[in-house]
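**Q** The structure follows.
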Ligand SMILES: *Cc1c(COP(=O)(O)O)cnc(C)c1O
């Protein structure tokens, strides 16, 4: 394969040609406009550029073997974006308008949809645009809502290679009330600890467990899995409530797994992985097996045999089969467009 093959492009580095933009001004959302992807007009005093008033979403549209396109759980992502906007005191996107924007921009970018295992990744983003550099403690009364689309292939270029994860027991991923909010500042906050751990321990990702309580990684939820049993943190404001996490737990319950949702400490995780499995879940990662955990000082722990476990592989394959339309789904998670 040549290096210009788009399938070698890192996740999110390519954009489909069209985007859609709407502005909130004088207490109302204006009409949205479809246009070729291009730089946006942005005043240097815009609220977002100073005070990080920003949130976003990410979900996928799958192209089935018959070339039809199917959006996965769009309603959940819209509800989460509205929740993120509320928590940042940003103008809340109107669900009906956001739906029209997303459907319209998918239609205009239909030709960019890759075949399985690729997908179109849809990225709505909301920016505070009030021009005022003195508004640190004042919400942005104006906003810009943009939807971008990106053709994506495999998130983890290494395929099913088991992940190596550093367990961060000191630093927090983000402010404790914002874990549930998909806002850019959280990723900026996690970057320093993540790069430091990568450098020190050659890990792929960091699992945040401030105070010894397991939360999630920088951009994916964390599940402990074994035959007939899943343990994952119960929903609270400290971490992002993943749609993939919810989907996997629903499917697993229907397959007879006992689903245990509660806080648990690092010590319990280390017991579990002696003969159990661990995995990350998210729209981009789907369900990716963890092979090794590394703790401060570089002590490493193999997760089971160090390979991606059989329950992880099966649950991942079952979710992918639903998304790709190769198995019927009873949940109403897919919407044909
Ligand atoms: C987006 C995200 C997830 C995964 O959410 P999904 O809805 O499953 O894609 C998990 N954790 C964080 C921090 C995220 O930003």
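**Q** Just to confirm the number: angle between the C-alpha axis of helix 310-323 and the first principal axis of the chain, 0 to 90 degrees, nearest 10?
**A** 30 degrees
**Q** Going by average Cβ density within 10 Å per residue, which order do the peptides 277-287, 173-183 take, highest to lowest?
**A** 277-287, 173-183
**Q** Taking the beta-carbon count within 10 Å as an exposure proxy, list 198, 233 from fewest neighbours to most.
**A** 198, 233
**Q** Let me ask something additional. Give me P(r) over the chain, computed from all C-alpha to C-alpha distances, binned every 10 Å, as integer percentages.
**A** Answer for the chain: a P(r) of 5, 24, 33, 26, 11, 1 percent.
**Q** Separate question: For the Cα atoms of the chain, what angle does the longest principal axis make with the long axis of helix 74-87, in degrees from 0 to 90, nearest 10?
**A** Roughly 80 degrees between the two axes.
**Q** Next question, about the same structure. Based on DSSP H runs of at least 4 residues, each adding -39500 (n - 2.57), what is the mean residue ellipticity at 222 nm of the chain after dividing by all its residues, to the nearest 500 deg cm²/dmol?
**A** Mean residue ellipticity at 222 nm (helix-derived): -7500 deg cm²/dmol.
**Q** Here is a further query. Return the Cα extents of the stretch 6-152 along principal axes one, two and three, sorted largest first, each rounded to a whole Å.
**A** Largest first, the stretch 6-152 extends 52, 28, 23 Å along its Cα principal axes.
**Q** Rank by packing, highest mean first: peptides 211-223, 36-48, with packing defined as the count of other Cβ atoms within 10 Å averaged across residues.
**A** 211-223, 36-48
**Q** What's log10 of I(q)/I(0) for the stretch 152-254 at q = 0.09, 0.15, 0.24 Å⁻¹, Debye sum over Cα points only, no solvent?
**A** -0.24, -0.68, -1.43
**Q** Then there is this: If I model the stretch 163-323 as equal point scatterers sitting on the Cα atoms and use the Debye formula, what is log10 I(q)/I(0) at q = 0.10, 0.11 Å⁻¹?
**A** -0.32, -0.39
**Q** Helix 95-108 versus the longest principal axis of the chain: what is the Cα-based angle in degrees, 0 to 90, to the nearest 10?
**A** Computed tilt is about 90 degrees.
**Q** Once the stretch 226-278 is represented by equal point scatterers at the alpha-carbon sites, with solvent omitted, what log10 I(q)/I(0) does the Debye formula produce at q = 0.16, 0.17, 0.19 Å⁻¹?
**A** -0.51, -0.57, -0.71
Each reported figure results from applying straightforward, stated rules to the coordinates on display, with no laboratory input. Small disclaimer: the values here were computed from a predicted structure and weren't measured. Cβ: placed from backbone, ideal geometry, glycine included. Neighbour counts: every protein chain shown.
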